[in-house]
Structures are given as C-alpha cells and as structure tokens.
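First the structure, in the form of structure tokens, and then the observations on it.
The values are calculated or read from the model by the stated rules, or taken from the named source; none is laboratory data. The structure displayed is predicted, hence computed values, not measured ones. A quick note on method: Cβ atoms are made from the backbone with ideal geometry, for glycine too, and the neighbour counts reach across all protein chains shown.
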Amino acid sequence: MQVGMTLPVMEPDLDASILETWAKRIDEGPFSSLCFGERMAFDNPHSLTLLGAVSAWTSRVRISTTVLVPQLHDPISLAKALATADMLSGGRLSVGVGVGGREEDYRAVGASESTRTMQQMADRVAVMRRVWAGEKVTDAVRPVGPPPMQPGGPEILVGTLGPRTIRHAAAWADGVAGFATEVDPPAIDTVFDQARRAWQEAGRTRPRLTTSFWFAVGEEPRAQIRRHLHHYMNWIPREFVDTFAATAGFAGTVAELKDQLRRIEDLGADEVQLVPTSADLAQLERIAAALD
C-alpha cells in the first residue's frame with residue numbers, strides 16, 4: 001500500500017515558502033503522492049493555480065487533487081487546466097472529483113446549486129475526457145489542447161461514500177477517493193467492498209481504492225485536530241465542532257498511526273492519503289522518518 005501526504009492548504013497564514021517547503025519534502029520523502037483539495041469560499045490557495053506550482057516544485061511524486069468540484073468550473077476550461085498540469089508534471093496527475101459539501105462554494109462562483117448532483121458531475125467529466133481524447137468539442141478550427149501526457153488523460157477517482165453514488169461512479173470513474181472522518185477500518189472496508197461489487201456489476205476491472213483522514217502526532221494531538229477543525233469547519237457552531245473533534249481523524253503516536261495504516265493495508269487499499277492538521281513541518285518529518 002502506498003502512503004500519500006496532503007499539503008496543509010486549509011491551514012491559516014500560509015505563504016509560498018511554506019507550500020514549497022512542504023512540496024519539496026514530500027517529493028524527497030517516502031510518500032507516493034502529494035495531495036490537496038478544493039474550496040472556493042475559504043482562504044486556501046486556488047487548486048488549479050497550485051497545480052502549476054507543485055508541478056515545478058516536484059519531480060517524483062504523483063500529484064493528486066483529492067477533491068475538485070467540476071460544477072464550479074467550465075468543463076472545457078477545467079479540462080485544459082488539468083491537461084496542462086499533466087503535461088507540466090510529466091504525466092503525474094491524478095484527479096479526484098466530488099460534488100462538494102458547501103453551498104457557499106457554489107454561490108462564490110455563480111454556479112447553480114441545482115447542478116450539485118452525481119449526474120451533473122459525470123456529464124462534466126465526460127466532456128473533459130472528450131477534450132483529452134482530442135475531439136473537437138467547440139466550434140473552433142482546432143481541438144482544445146494541450147493534450148495530456150497520460151493517454152486519455154489522468155485517472156478520475158470519485159470522492160463518495162454512499163452505496164448509491166458508488167454504483168453511479170462505477171459506470172464512468174476509475175476508482176474511489178474515500179475520506180474517513182474517523183479512522184475506523186471496518187467502515188473503510190465497507191466502502192471498499194461496495195466499490196468492488198459495483199465495479200464488478202458494471203463489468204469493469206477492479207477500481208483503484210484510496211482513502212484519507214486527518215492526523216495529528218506529537219504533543220496534544222487531539223487539541224491540534226480541534227484547532228484545525230475550528231478553523232476549517234467555520235460554518236458549524238463551535239460546540240458541535242468540539243463534539244465532532246473528540247473522535248475525528250487520528251490523534252496519537254507515530255507507532256499507533258503505523259499500526260492503523262497496516263490495518264487499512266490489510267483491507268486491500270491501494271493508497272492512504274494523510275491530511276495534516278498543522279502546517280508545522282515537524283509533523284511531516286515525523287511521518288517521513290517512520291515510513292522510511
């Protein structure tokens with residue numbers, strides 16, 4: 001099983017130096033991928049702009065957008081941006097997509113909340129794949145380019161947990177990009193089993209199976225997760241966040257984290273993507289040393 005690391009893009013007070021240092025350390029370390037997700041009505045970097053930067057800052061790791069929301073973008077423009085990132089990174093891009101959990105993100109870009117469905121997302125992915133295949137999808141002399149480095153474009157993983165949406169994704173996606181709010185191997189196993197069955201019923205080969213979760217190691221890790229969630233989940237009353245944070249993610253020692261990773265590996269996971277709850281580089285260094 002591979003282990004990826006997420007950039008701390010949802011932490012406050014980021015700058016280019018912090019992001020570049022994290023990206024380079026991830027690339028130099030034992031990690032399989034460098035990951036980050038998308039929000040609009042928040043203070044994180046724009047995901048499509050960040051793709052260009054991390055392509056230049058790294059040379060080895062796979063670059064994974066754990067969640068992009070296609071409905072927040074024009075699909076042809078999004079296809080062009082992702083093909084450009086795939087070209088700049090030398091074919092290292094993996095694209096996770098989802099419908100998004102925040103209505104305010106839709107409002108921020110003037111997107112209709114009525115498009116917040118699996119079918120609307122699938123329709124936009126279909127347009128993107130036509131662009132990547134070199135089809136003429138616009139009334140123009142030439143197709144929209146550049147062509148992606150990977151034939152047919154990067155893999156598409158769907159950020160979804162429910163059985164109905166997994167069955168929908170099995171018709172067109174390459175796998176699932178799960179997120180575990182609590183590190184519960186039996187619950188993760190349920191999602192993986194649902195995906196395997198759905199892909200088999202759709203007459204397709206085995207899906208790529210990934211999951212991710214928040215983590216904190218070192219001194220007072222549970223308090224660190226609580227601070228992170230107070231910042232990130234700013235639309236929820238603090239008392240509810242406190243209750244949620246009591247069990248969310250992983251908080252403990254590096255040895256305990258490695259034990260959880262072994263348990264998830266036994267479920268047949270292809271990759272676990274760790275999500276930091278602090279921009280402190282020491283968090284990254286502890287995990288890197290343990291995995292080497």
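Could you grab me the full set of residues in segment 132-167 that are small (Gly, Ala, Ser), closer than 19 Å to Thr65 by Cβ and free of Cβ contacts under 8 Å to residues at least 40 places away in the same chain? Within segment 132-167, just Gly152 meets the criteria. Filtering Ala177, Ala216, Ala187 for residues that are under 29 Å from Ser278 (Cβ atoms) and free of Cβ contacts under 8 Å to residues at least 12 places away in the same chain leaves a single hit, Ala187. Do you know which residues across segment 103-159 are charged (D, E, K, R) and outside any helix (DSSP H, G or I)? Scanning segment 103-159 gives Arg116, Glu135, Lys136, Asp139, Arg142, Glu155. Surrounded by fewer than 23 Cβ atoms within 10 Å (Cβ to Cβ), at pLDDT 95 or above and more than 28 Å from Ala170 (Cβ to Cβ): is that true of Ala216 in this structure? So Ala216 fails the test. A Cβ distance below 9 Å, combined with a sequence gap of six or more or placement on separate chains, defines the contacts here; from segment 220-247, residues that are loosely packed, with under 14 Cβ neighbours inside 10 Å reach residues that are in a loop (DSSP other than H, G, I, E, B) in the pairs Asn234/Phe42; Trp235/Arg102; Phe240/Met233; Thr247/Thr181. Look through segment 1-52, keep the residues that are of a type in the set (Gly, Ala, Ser) and more than 23 Å from Gly101 (Cβ to Cβ), and return whichever of them is surrounded by the fewest Cβ atoms within 10 Å (Cβ to Cβ). Per the criteria, the residue is Ser17. A Cβ distance below 8 Å, combined with a sequence gap of six or more or placement on separate chains, defines the contacts here; from segment 80-91, residues that are in contact (Cβ under 8 Å) with a residue 60 or more places away in the chain and in a loop (DSSP other than H, G, I, E, B) reach residues that are of a type in the set (Ser, Thr, Tyr) and surrounded by fewer than 23 Cβ atoms within 10 Å (Cβ to Cβ) in the pairs Ser89/Ser55; Ser89/Thr58. Looking at segment 136-147, can you tell me whether even one residue there is at pLDDT 95 or above and touching a Pro at 6+ places or on another chain (Cβ under 9 Å)? Taking every residue of segment 136-147 in turn, none turns out to be at pLDDT 95 or above and touching a Pro at 6+ places or on another chain (Cβ under 9 Å). Residues in segment 237-246: is at least one outside any helix (DSSP H, G or I) and modelled with pLDDT under 95? Within segment 237-246 (the criterion being outside any helix (DSSP H, G or I) and modelled with pLDDT under 95), the answer is yes, since at least one residue qualifies.
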